[in-house]
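Some notes on the structure that comes next.
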Amino acid sequence: MSKASTHAKLSLQTKLLLVLSLILTLVLLASSALSYRQALHSNEQASEARTVALIDTFEKLIQRSTLLFENQVNQISVESYLRDNSNQTAPKALSLYSGINAIRILNLDGSEIRRWSAQRESHFPPKGLHASLFNQVLERQRPVSRIFCERICYQSSYIPVITSDGDILVINAVRDLQELIVDFASLTGADALLLKPQTGENQGANLLDVYIASNADSTFELLGEIQQLSGFLNSREFVYTRTSKGIHFAQSHILSDDISATPLQLAIIGDDQNAQARIQELLRSNLYAALGALTITIFLCYLTLRTTLKKLVNLSNAIAMLSSSNYGALRDSLSPYTRNPVFIDEVDQLNLIVLEVADALETMEQSVSHNRNELVKKIQELGDAQDFNDVLVNDSPLVIVAHTLEGKIKLLNNYARELSGWYSSNIETQKISDLILPDLSGRSITELLKPLKDQRGTRIQTEQLMRGAGGKVNDLTWIHARVNTGGEPLIISVGLDITERRRTESRLRWLSKHDNVTDLLNRESFHEEANLLIQQYGNTHRIDFALLDIDKFASINDMYGFQNGDVVLKETARYIERLIDCDTIIARTGPNEFSALMILDAQGELGVSPQSSHPVLGRALRFYSALNNDAVEITISGMLATYPQDGYTIDELVSNASAALRKLGPLQKGKINRLLESVDNRALRQERIQIHDNIVKALSDDRFILLYQPIYNLGEERITHCECLVRMRSEEGHLISPAAFMDIAKEHGLMSRLDLVVLRMALIQLREWSVEGLDLKLSVNITAATFESDLFIKELKSLLLETGAPPSRLIFEIVETEAIDNLSTAKELCERLAELDIQIAFDDFGIGFTSFEYLRDLPVDYIKIDQSFIRYLYKRKSDQLLVKSMVDMAIALGKKVIAEGVEDDGSADILRTMGVHYLQGYYISRPRAVADLELDYKMVTI
Ligand code: C2E
Ligand code: MG
Ligand code: MG
C-alpha cells in the first residue's frame, strides 16, 4: 500500500476552499473590526462636535432666554402696580413665567419700592452681587442679568424702566434656571448640569456641588460615574465612555462671568446608546452582506476551480501510474482532458507534459528492457560460446594440445589425456616430442614445427603417431597452428585419430579386391591382375584360363537357402584352390562362377605341351557338402582356354570361355573341358569389327544423341544436376547403349573423338538451360584418353566460347580407376579445370579402391559411389558397411557424395540417413531425352 493512502484523505479542492474561506473570513473580520472602530471613532468625533455645539447652544439658549425674560419683565406696567398700594396684585409676569421666583422694583438709589414673591421664600441675589449689578444697570442704562447659585441657581435680571412720569426705576426679577435646563434637555436630548467648578484632584462624585441638573435623579448619578471614570470635570476634555447605563459622552465648560456671577461649570452629558446600536446594527448588516459575498465568492471559486481541480486530482492519480509504468492507463485517464483542450491552462499544460514524460519514460523503459534483453542474450550467447568451447575442447573426439614454442606442454584436453594415458595433473613437465612421435621420414615434431616457431607460416599439417596408453600408438592426422594470445605465443596441435580409419581402409582395400564370401579375388581385381600377368608372362610362359561354374547352384540356393549357398561357395573355392596347385590367381567372378589364370612353364606344367591336355582337363570335379545334415554332391563344370589362341586379352578369354561354357552338353558337365574355337566365336569377332565400323560411321553421320538422367539433391529436395549419357543411333533408328560399343570404341582409340562430340552437345544444352533460367548443373563423362590429351583443355575452352555455356555449371565425370591410373595427369587436369571454375566428379567410385590418401590431394568435388554397391544396398549389410565408410570418409574430406544406381526407396532411405548428398538411379528417373525430363520431381518422404 502506498504511503499516501495510509493518511486521512482531504481533497485538494476542500483544502483550497477551506484556505480561501479562512482568508476571506479573516479579511472580512479584520475589515469589519476596522470599520467598526472607524465608525466608533467618527461617532466619537461627531459626539465631540455635537458636545461643543451643545455647549454653544446652552450658552445661546441662556442668552436668548435672558433676552426674552428681560423683555417680558420690561413689559411689566410698573405704574399700575405702584399705584396699587395694596401689594396684593402681583405683576403679570409672575403668572406668565412659572419660573419667576420674585420681582422687586427699585429706585435709582437702590431703595426697594415694592417686591413680589412667587414662593414663600424669595431668592434675590446677595447684597454684594446685587449692588454690583444694580450699579452696572445704572451705568449702562440697559438690562443686566447674571446667574448666581446658592443651593440651586437663579438668574437675576435688572431692567431699567421709565415710568410715564419720566421716572427711572429698576425692576429686579429673579427666576430659577430649572426650567431652562429642562428645556435644554428636551430640546437637545442631552442632559445639562450646573455645578461648582471642580479643581484639583477632587474627582469624587459625592463631593460634587451640583446646583441644578436636567434630569436630577439619573443625571447626577451618571455625572458621578463619568467623573469617576474620566475626571472630565477637572480636565474639561471631551469624554466618550461606557457607563453602567450605556454609552455616554460628556464635556464640561466654565460659564463666563457675563452669564454667571457665581463661578459655574456646565456639564453636558449625552447618551450615545442609540448611535452605538446603530453602528452595531450597521456592522451586523455589513457582516451579513460580507458573509453572503463570501459564500458567493467561495461558490464561484468552487465553480471556477472545480474542473481545474478535477484535472489536478486526475493528474495526481495519473502521475502515480508512472511509478507502476502503467502508461496505457495513464494515457486513458488523461485523454479526456488532453484530447481537445480549448483554453489551455497550466494544468492542461501539465497534463501534456506528463503525457510527454510518460512517452519518454515508456520509450526509455522499452529501450532499457530491450538493452537488458540484448544483454541477457549476449550473456547467454557468451555462455553458449563458452559451453561450445568447453565441449569442443573437452568433449570432442579430437586431441588438443597447447604447447610453447619450446615444446613445453601447457594444456591437454580430456580426449588427449584419455588417449595418451597422461592423467596426472603434472603435464607441464612433459614435452610435445614425448607425445608426438617422429614421422615416417624420421623428422621429430620439433623439427616439423620449426617454420611455425620462425613465423614462416601459421599452419602446418602432418600425419604422425601419438604415444598412447599401455604402450599403444595411435595414428593421427594433425593440424598445428601458432596462436599469439595476449602473453606467450603458443602452438595448438589438433589431432584427429585415424587409427580406426586406417584399419578400415586396409580392410576396405582388401574387401575391394576380394569376394567377401570366398575370400578369393573379385572380378575386377582378377581382370587387373590377369592383365598384368598376361603382360608379364605372355611371351615366356604358357597361360591357361579356366572358367568354372557350380552346376545347379540356383537349385542349391533354393533348397538349402543362401547361407548354405555361401557354404557351398566357400567349399568350392577351397576345392578349386586344392585342385590347381600351380602358379595361379583364382577369383570368384560371378555368383556361381570362378576364374583361374594359371601360369605354366613354357612347356606347360608337368611337362604338358600347350596343345596337349592340362592336368585338370577331363577330371571329374565333384565333392560332397554337408548341408542340413544331407551330403549334397556338388559338381563343377569348367572350360579351359589358352592364351593367346583363345583370346588376346583376358576379356576375350573370359568371353570365349563363358560362351563355350554356356553351351556345354550334359556329358561335358561335371568336368573341365577344353575350349575349341567355335563358329560362334568367329561370329563374335566379326560382330565386333562390325560395331567398330558402325561407330566410325555414326561419328561422321552425327548419329550420337544424348539422354539425360536427373540427379536428386537430398539437401534441397529437388533436382539440381543431370548426367548426360550417350546413345548411338543405328542406321535403322535404334538406340544402342554404351555397353555395346564403348569397349570397342576404347579399344580402337575412338573415345576422344566421341567425348568431344558429346561435350559439344552437352554444352549447347547447358547454355539453353542457363538461358531458360534453370538452376541445373550438367555432368559429362570423359575418358582417360580424352583428358590425357594435351589438346583437351584448349578444345574445351574453345567449345565454351563457341557455345557460351556457363563453366560453373559443368561437371566432368572421370572414372575413378582411370584417374588413379593417371594420377599426376588427373591431378593437373583437376587443377586446370578448377581454374576454369569447372567441377570434377569421380565416377564408379569404390571399384578400384586402394586408399583414400590420393583423394586428399585431388581437388575433386563429388564422388559417385558405383552402382554395384548401391543396387542391393537394402538387402546387403556388407554393402551398407562399405558404403557407410566410403560416405564418412568422403564427407570427412569435404567431398559431396552421389549414389548411383538407386533403384528402390529402401536404399534411398538408407543413403539419406548415411548423409549422402545426391541420389541418381531409376528410382528417381531413367535417362531421358531433354523433352521428357521431369525436373520438378520431388521425393516422397515419410
Ligand atoms: P556411368 O557414367 O556410371 O553411368 C551410369 C550408368 O548407369 C548409365 O548407363 C545409366 O543408364 C545406368 N543407370 C543409371 N541408374 C541406374 C539404375 O538405377 N539401375 C541400373 N541398372 N542402371 C542405372 P549407360 O547409359 O548404359 O552408360 C554406361 C556407362 O557408359 C556410363 O556409366 C559411362 O561410364 C559410359 N558412358 C555413357 N555415356 C558416355 C559418354 O557420353 N562418354 C563417355 N566417355 N562415357 C559414357
Ligand atoms: Mg558417369
Ligand atoms: Mg557410374
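The values are calculated or read from the model by the stated rules, or taken from the named source; none is laboratory data. Note that the coordinates shown come from a computational prediction; the quantities given were computed from them, not determined experimentally. All Cβ positions, even for glycine, are placed from backbone atoms using ideal geometry, and neighbour counts span all protein chains on display. Just so you know, the surface numbers come from the protein's heavy atoms only, side chains and all, with ligands and any DNA or RNA stripped out. Shrake-Rupley method; radii C 1.70, N 1.55, O 1.52, S 1.80 Å.
Starting from the range 36-60, take each residue that is touching a residue at least 24 places away in the same chain (Cβ under 8 Å) and list its partners that are acidic (Asp, Glu), counting only C-beta distances under 9 angstrom and pairs at least six apart or across chains.
Close Cβ pairs satisfying both conditions: ASN43/ASP272; GLU44/ASP272; SER47/ASP272.
Specify the residue that is least open to solvent (accessible area, probe 1.4 Å); the eligible residues are those in the range 703-729 that are touching a residue at least 24 places away in the same chain (Cβ under 8 Å) and acidic (Asp, Glu).
Among them, the one singled out is GLU723.
So which pairs qualify, if the first residue must be in the range 125-138 and under 13 Å from ALA173 (Cα atoms), the second must be assigned to a helix (DSSP H, G or I), the Cβ gap must be under 6 Å, and the two must be at least 6 apart or on different chains?
That search, which allows pairs on different chains as well, returns nothing.
Determine if the range 145-166 includes at least one residue that is exposed (fewer than 13 other Cβ atoms within 10 Å of the Cβ) and part of a strand (DSSP E or B).
Checking the range 145-166: at least one residue is exposed (fewer than 13 other Cβ atoms within 10 Å of the Cβ) and part of a strand (DSSP E or B).
Being surrounded by 16 or more Cβ atoms within 10 Å (Cβ to Cβ) and among the acidic types (Asp, Glu): is that true of ASP332 here? Walk me through it before giving the result.
Numbers: surrounded by 16 or more Cβ atoms within 10 Å (Cβ to Cβ): no; among the acidic types (Asp, Glu): yes.
When the stated conditions are applied, ASP332 does not pass them.
Provide a single number: the residues in the range 534-556 that are more than 13 Å from PHE594 (Cβ to Cβ) and open to solvent by less than 30 Å² (accessible area, probe 1.4 Å).
Summing the residues that are more than 13 Å from PHE594 (Cβ to Cβ) and open to solvent by less than 30 Å² (accessible area, probe 1.4 Å) in the range 534-556 gives 6.
Report those helices (runs of 4 or more DSSP H) wholly inside the range 174-286 carrying at least 1 residues which are over 28 Å from ASN101 (Cα atoms).
216-230, 232-235
Might you check whether a residue that is part of a helix (DSSP H, G or I) and open to solvent by 80 Å² or more (accessible area, probe 1.4 Å) occurs anywhere in the range 410-417? Walk me through it before giving the result.
Going residue by residue through the range 410-417, those that are part of a helix (DSSP H, G or I) are 414-417.
If we keep only those that are open to solvent by 80 Å² or more (accessible area, probe 1.4 Å) as well, we get none.
No: zero hits.
How do the pairs read when you match residues in the range 668-679 that are among the charged types (D, E, K, R) with residues anywhere that are modelled with pLDDT under 85 and not in a loop (DSSP other than H, G, I, E, B), using Cβ under 9 Å and keeping only pairs 6 or more apart or on different chains?
Pairs that qualify, where the first residue is among the charged types (D, E, K, R) and the partner is modelled with pLDDT under 85 and not in a loop (DSSP other than H, G, I, E, B), are LYS671/LEU617; LYS671/ALA620; ARG674/LEU617.
Of everything in the range 844-865 that's of a type in the set (Phe, Trp, Tyr) and either more than 15 Å from LYS895 (Cα to Cα) or more than 16 Å from ligand 1 (Cβ to nearest atom) (or both), which residue is farthest from the chain's Cα centre (by Cα)?
If we take residues in the range 844-865 being of a type in the set (Phe, Trp, Tyr) and either more than 15 Å from LYS895 (Cα to Cα) or more than 16 Å from ligand 1 (Cβ to nearest atom) (or both), then PHE849 is farthest from the chain's Cα centre (by Cα).
Residues in the range 866-873: is at least one open to solvent by less than 10 Å² (accessible area, probe 1.4 Å), part of a helix (DSSP H, G or I) and within 16 Å of ligand 1 (Cβ to nearest atom)?
yes
Across the range 874-889, which residue is most open to solvent (accessible area, probe 1.4 Å) among those that are touching a residue at least 40 places away in the same chain (Cβ under 8 Å) and out of contact with any Asp or Glu (no Cβ under 9 Å at 6 or more places or on another chain)?
SER878
With respect to GLN839, determine if the residue is touching a residue at least 40 places away in the same chain (Cβ under 8 Å) and either within 16 Å of ligand 2 (Cβ to nearest atom) or farther than 30 Å from PRO806 by Cα (or both).
For GLN839, the condition - touching a residue at least 40 places away in the same chain (Cβ under 8 Å) and either within 16 Å of ligand 2 (Cβ to nearest atom) or farther than 30 Å from PRO806 by Cα (or both) - is met.
Just give me the residues in the range 730-747 being within 14 Å of ligand 1 (Cβ to nearest atom) and open to solvent by 70 Å² or more (accessible area, probe 1.4 Å), in sequence order.
LEU735, ALA739, ASP743, LYS746, GLU747
Can you pull out the residues in the range 890-916 that are open to solvent by 20 Å² or more (accessible area, probe 1.4 Å) and either free of Cβ contacts under 8 Å to residues at least 12 places away in the same chain or more than 16 Å from ligand 3 (Cβ to nearest atom) (or both)?
Across the range 890-916, the qualifying residues are ILE891, ALA892, LEU893, GLY894, ASP904, ASP905, ASP909, ILE910, ARG912, THR913, MET914, GLY915.
What are the residues in the range 28-65 that are β-branched (Val, Ile, Thr) and loosely packed, with under 15 Cβ neighbours inside 10 Å, if any?
VAL52 - this is the single residue of the range 28-65 that is β-branched (Val, Ile, Thr) and loosely packed, with under 15 Cβ neighbours inside 10 Å.
Residues of the range 439-482 being in contact (Cβ under 8 Å) with a residue 24 or more places away in the chain, open to solvent by 70 Å² or more (accessible area, probe 1.4 Å) and farther than 16 Å from LEU419 by Cβ, which ones?
Listed by number, the residues that qualify are THR446, LYS453, GLN455, THR458.
Identify the residue in the range 61-80 that is assigned to a helix (DSSP H, G or I) and free of Cβ contacts under 8 Å to residues at least 40 places away in the same chain and, among all such residues, is farthest from ILE162 (Cα to Cα).
Restricting to residues being assigned to a helix (DSSP H, G or I) and free of Cβ contacts under 8 Å to residues at least 40 places away in the same chain, the top hit is ARG64.
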